[in-house]
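Here's the structure, in structure tokens; my notes come after.
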Amino acid sequence: MSQVPSDASRTDLEADVVIVGLGPVGLFAAVLLGQRGYSVVGIERWPSPYPLPRAVTFDHEIARILSQIGIDSDNDSSVDFHDDHYYWLNAAEEILMEVDWVSKAPDGWRNRYWFSQPELEDRLRAIITSLPSVRLLPGNQVDGFEQTDDEVTVTFHEVVADGAVAVRKEGGRSGSVRARYAIGSDGANSFIRTATGREFTDLNFFSDWLVVDVTPEVMPTYRTAHFQICDPARPTTVVPGGPGRRRWEFMALPDDDLTELASPAKVWSLLEPWGLTPDNTKLDRAVVWRFQAKYVENWRAGRALLAGDAAHLMPPFAGEGMCAGLRDIENLIWRLDLVLSGVSDTALLDEWANERREQAKWYINFSADLGRVICVADPAEAAARDERMKAEYAVQSKLGPVSSHEALLGEGTWVSTDPLAGKPSIQGRVAHAGRTGRFDDVVGRGWFLLSSADAASPLSVAQRERFVAAGGRELAVGALGVAADVIDLDGTYTEWMRAHGIQHLLVRPDFYVAATAPDVETMRAHFDVVMDTVVPAQVGV
């Protein structure tokens, strides 16, 4: 990062990447880029971090993603989990559906965690203080964006908070950032999205809900830790809100006055049946949110890259909104690293946009479909729904709870004809170089080609050179007592490979499976498909 000489009222900077919007998505991007040594300027409109709850949950993929920056969700005081199922109940408290939030996912992390977004953002900012190449500029509003074939320029001015809005600071500084790329993580009303001419595709789902966050003096216990009440009189969500907190969500009914619905008197009347009163509970926040379902078709506009709510909006019924934004960044930064370092060309970024759009659309549609089941206020319609779902549950309950959802990536940097690819990779406990633990912690992160200990190395000399150029590592994996680079302590990898009839597993830096193969010939063919944009011939070795 460099500072261009300017007068006393201006701050003109140069960087590899400028990030507009510093919620969890933008902060996470700054961390990953800074840890790779890139110069980053992050611009945030609000002078101070927002202190109240927003997102409260994330899944196993995000737990794995956060572990790479030192946040262990299984052993962190700011993260909570409940080994309990997620029930959908009707007004009579009969079970309509049971979702498995007890089991661990194949990557070794729990299916569901609960947290405080302000605390997570504090953690991310604390990590950034250790990264000298990252500079954050809170209290600055972006007011201009331009780009050429080679760079972007973002202009901004200093602001102060005036209630719920940010206004220009009298006598405040202004400035600019010239950078090679811009990441627009500036939310649903994204300046960068508007400036690049991108628009939302609206799936025409919306529903107003009162969201209530509380801190009880004594944590109440209910039938289960998390459940959905599909009562047409008032659909209600009851979930944890992170350590020491709970969240309720109450659907706004057609005759509700939204201002009155969020008033303290009304909020306490809704909480009273749950045993919560002003005498035993602190009301942290009560706000009416409109749940929506929207996405942008093309997330890359030249050197501008949209992420998080700037690129997609989804109802919270699957708990995947913030998760989607962090997936955007995890998928993007390893690509941007290769592009900035000259290993890859920009086609790799187009594949990012396609992969993430299609996966985000899956989650948006999934969440909206859940909402259409939940948001039923008509008693007759609800009764028909209940009968159908009770019949389905009668069958399901004999088979076990519904498994957590799994969405494929859109076509991109993986072999789309491989039924095991385009999904999160497995992870088990291993021993390597004198250490034991989760694979990511013991062996590392990045590109990996894992092969059975008894299989021949699948890559040709030329392919191996391309793989090394991308930072890839080839490793043999075997059970205890077998000569291998990585010892599979619990049989996670050897059993998975045996069950699927494969000997080779190609894993990307974002932990997704790029390809698998039963033999050398197939792996070589799949490898070339994947590496075509990662290390293209005109750029590669």
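Solvent-accessible surface of protein heavy atoms, probed at 1.4 angstrom with all chains present, puts TYR50, TYR493 in the order TYR50, TYR493, largest first. Over 31 Å between C-alpha atoms is what I'm after, so list which of LYS361/LYS390; LYS282/LYS423; LYS104/LYS361; LYS104/LYS398; LYS104/LYS390; LYS398/LYS423 land there. Where the Cα-Cα span goes over 31 Å, the pairs concerned are LYS282/LYS423. A Förster radius of 51 Å combined with the Cβ-Cβ distance from THR417 to ALA377 puts the calculated FRET efficiency at roughly 0.70. In this structure the chain gives 40 Å² per residue of accessible area when probed at 1.4 Å with all protein chains present. Relative to the Cα centre, the charge distribution of region 371-497, modelled as +1 at Lys and Arg Cβ and -1 at Asp and Glu Cβ, gives a dipole magnitude of about 180 debye.
Dividing the radius of gyration of the alpha carbons in region 342-443 by their Kirkwood radius gives 1.15 for Rg/Rh. The fraction of accessible area contributed by carbon and sulfur in the chain is 51 percent, rounded to a whole number (1.4 Å probe; ligands and nucleic acids excluded). Projecting the Cα atoms of TRP109, GLY70, ASN90 onto the dipole axis of region 43-120, where Lys and Arg carry +1 and Asp and Glu carry -1 at the beta carbon, places GLY70 farthest toward the positive end. Rounded to the nearest 5, what is the percent of antiparallel bridges among the DSSP beta bridges in region 1-118? Counting DSSP beta bridges with both partners in region 1-118, the antiparallel share is about 75 percent. Using C-alpha pairs below 8 Å separated by at least 6 residues, the relative contact order for the chain is 15 percent. Extension gain, THR224 to ARG524, is 103.1 nm, computed as 0.36 nm per intervening residue step minus the present C-alpha separation. Here is how the number arises for the chain: DSSP H runs of 4 or more residues each give -39500 (n - 2.57), the sum is divided by the residue count, and the result at 222 nm is -9000 deg cm²/dmol. A straight line joining the Cα centroids of region 345-379 and region 201-267 runs 23 Å. Computed extension length for ALA92-GLU392: 106.3 nm, one decimal, from 0.36 nm per residue of separation with the Cα-Cα distance subtracted.
Given +1 at the Cβ of Lys and Arg, -1 at the Cβ of Asp and Glu and no other charges, the dipole of the chain around its Cα centre is 740 debye to the nearest 20. Extension gain for THR194 to VAL461 (0.36 nm times residue separation, less C-alpha to C-alpha distance): 91.4 nm.
At 1.4 Å probe size, what's the solvent-accessible area of MET219? Round to the nearest 10 Å². Here the residue's solvent-accessible area equals roughly 80 Å². Computed with a 1.4 Å probe on the full set of protein chains, the accessible area for ILE95 sits at about 30 Å². Summarised as an ellipsoid, region 111-216 has semi-axes of 28, 22, 18 Å, derived from the eigenvalues of the Cα gyration tensor scaled by 5 and square-rooted, with the largest first. Here the calculated FRET efficiency for HIS157 and SER48, from their Cβ-Cβ distance with R0 = 25 Å, stands at 0.90, rounded to the nearest 0.05.
Shown are SER367, SER416, SER263, SER403, whose ranking by accessible area with a 1.4 Å probe and every protein chain present, most to least, is SER403, SER416, SER263, SER367. Relative to one another, the C-alpha centroids of region 287-338 and region 511-525 are positioned 29 Å apart. Measuring only protein heavy atoms, the 1.4 Å probe finds HIS405 accessible over about 40 Å².
Each label was represented as a point 7 Å from its Cα along the Cα-to-Cβ direction; for ARG285 and LYS104 these points are 3.2 nm apart.
The values are calculated or read from the model by the stated rules, or taken from the named source; none is laboratory data. For clarity, every value in this text was computed on a predicted model and none was experimentally measured. When we count neighbours, we look across all protein chains shown, and the Cβ atoms used for this are built from the backbone with ideal geometry, even at glycine. Protein only, heavy atoms only, side chains kept; ligands, DNA and RNA dropped before computing areas. Shrake-Rupley method; radii C 1.70, N 1.55, O 1.52, S 1.80 Å.
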